[in-house]
1. Report every pair of residues separated by at least 6 positions or lying on different chains whose Cβ atoms are under 6 Å apart, first residue within segment 85-109 and surrounded by 12 or more Cβ atoms within 10 Å (Cβ to Cβ), second β-branched (V, I, T) and in a loop (DSSP other than H, G, I, E, B).
2. Filter segment 140-173 down to residues that are in a strand (DSSP E or B), in contact with a Ser or Thr (Cβ under 7 Å, 6 or more places away or on another chain) and within 28 Å of G41 (Cα to Cα), then give me how many there are.
3. Do the conditions hold for S166, that is, is it surrounded by 16 or more Cβ atoms within 10 Å (Cβ to Cβ), closer than 22 Å to M34 by Cα, over 16 Å from the mean Cα position of the chain (by Cα) and in contact (Cβ under 8 Å) with a residue 12 or more places away in the chain?
4. Name every residue in segment 92-101 that is of a type in the set (A, V, I, L, M) and not in a strand (DSSP E or B), in order of residue number.
5. Where in segment 19-91 are there strands (runs of 3 or more DSSP E), lying fully within it, with 3 or more residues that are under 19 Å from Y222 (Cα atoms)?
6. State whether one or more residues within segment 193-201 are surrounded by 15 or more Cβ atoms within 10 Å (Cβ to Cβ) and assigned to a strand (DSSP E or B).
7. In the list S177, S209, which residue meets the criterion of being of a type outside the set (F, W, Y) and part of a loop (DSSP other than H, G, I, E, B)?
8. Restricting to segment 146-163, what's the tally of residues that are without any contact (Cβ under 8 Å) to a residue 60 or more places away in the chain and farther than 25 Å from K106 by Cα?
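None of the figures in this text is laboratory data; all of them are computed from the coordinates on show. None of the values given here were measured: they were computed from a predicted structure. As a convention, Cβ positions derive from the backbone with ideal geometry for all residues, glycine included, and neighbour counts pool all protein chains shown.
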Amino acid sequence: MSRTLFFKTILATMVFFGVSFPSLAVIMKPETSMVFVDEEGGSINVKNTSDKDALLYVKVYDLPNARQPQPKLLVTQPVTRVGAGKTQRVRFIVSGDLPLKTEYMKRVIFEGIPPKSDAASNKIGINIRQDIPIIIHPKALPLVAEPWKNLKWTVVNESLQVSNPSPYVVRLNQNISVAPSGKKLTLKNAYILPGEKLTLTLDDKSTLSGSDAVKIQTMSKYGYEVGSFEMPISR
């Protein structure tokens with residue numbers, strides 16, 4: 001992990017656990033760790049936790065492995081002035097080929113831009129970004145509590161293949177294991193997109209002989225672990 005990424009990770013962790021920062025640090029804190037919108041749009045509250053007025057900059061971007069074409073997700077006010085300690089409602093609008101058939105996942109950045117400091121004070125303003133997932137849900141698609149049940153696990157040439165034939169984004173812990181051996185595998189992301197198919201190999205490069213199930217740690221749509229479950233492996 002690079003020093004820059006490490007620093008950003010520590011800052012984000014401190015923000016969500018309520019650790020204070022110097023007065024020149026501008027932290028725009030979203031009310032939840034994920035944004036959920038449907039075809040009619042959606043919104044989220046973002047608080048300026050600093051003691052200074054600042055600009056809130058919002059940017060939506062696609063995942064590197066996102067399938068195309070993607071619906072567009074527009075921010076009604078990508079740059080807004082937010083008073084010290086005040087909360088801003090950020091609204092999103094979905095556009096493109098509607099109605100949607102499957103869920104889509106993107107990410108959104110909330111960044112606080114501090115006011116210019118007095119040059120004579122030798123103080124430096126700090127920009128801190130909050131980068132969180134955003135899921136777009138089709139209006140006609142029923143909400144389900146356990147989308148991970150749609151995953152299919154198969155052994156192919158001594159590798160474990162997982163596919164998601166469902167229209168739902170599945171979020172889960174990247175660390176999984178196979179039973180009964182308990183051998184470990186790692187997903188490249190903490191999510192599996194609709195229609196996505198991934199291939200995993202054991203961390204110790206051994207075989208999957210005798211493995212008949214996979215154990216996963218599932219996550220809610222807001223990214224919280226909700227339990228450990230076991231699913232069968234087919235061949």
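1. Close Cβ pairs satisfying both conditions: R91/T76; E103/V169; M105/V169.
2. Residues meeting the conditions: 1.
3. In short, yes.
4. Once the filter is applied, which keeps residues that are of a type in the set (A, V, I, L, M) and not in a strand (DSSP E or B), segment 92-101 yields L98, L100.
5. Passing ranges, in order: 25-30, 35-38, 42-48, 54-62.
6. yes
7. S209
8. Qualifying residue count, segment 146-163: 4.
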